[in-house]
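No lab work stands behind these numbers, since they all come straight from the coordinates. Predicted, not measured: the structure shown is a model, and the values here were computed from it. Quick reminder, even Gly has a Cβ in these numbers, built from the backbone with ideal geometry, and neighbours come from all protein chains shown.
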């Protein structure tokens, strides 16, 4: 029984303290709507207005900074994209020039091969027919590069 009465007594003592706790009041928020501007302290209203104006100005500056940063990023991206596209175009142009040079060299080698094959056929035919002079001269020509 003594335990129950001690608990009840502690609750009775703690109840008024909890009701007067300013931190708890702040956590719950203001119970009433704010008073009309005419009923508030003019100095407090000026301070609030000045603080609000400062916050708006800071927000405007932040928005301008974000917009400038976005513009800088877009311009940087566009410049890098143009540089990349130039690089691709230059690489493609070089690849095309290299391809054309390769094909020209290949055609030159093919023509040289065909010329030497024709000479070889001619020399072989001369040798088969028994034309020893033409066979000897043709072999020397083939040995020395055609």
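Remarks
- Highest average packing first - 84-94, 131-141, Cβ atoms within 10 Å: 131-141, 84-94
- Residue 137/residue 106 FRET efficiency (R0 41 Å; Cβ-Cβ; nearest 0.05): 0.85
- Note on residue 79 and residue 57: with the Förster distance fixed at 41 Å, the Cβ-Cβ geometry gives a FRET efficiency of about 0.80.
- Anisotropy class of segment 54-146 from Cα gyration tensor, a/c 1.5 cut: prolate
- Simple spin-label estimate for residue 38 and residue 94 in nanometres, 7 Å along Cα-Cβ: 8.2
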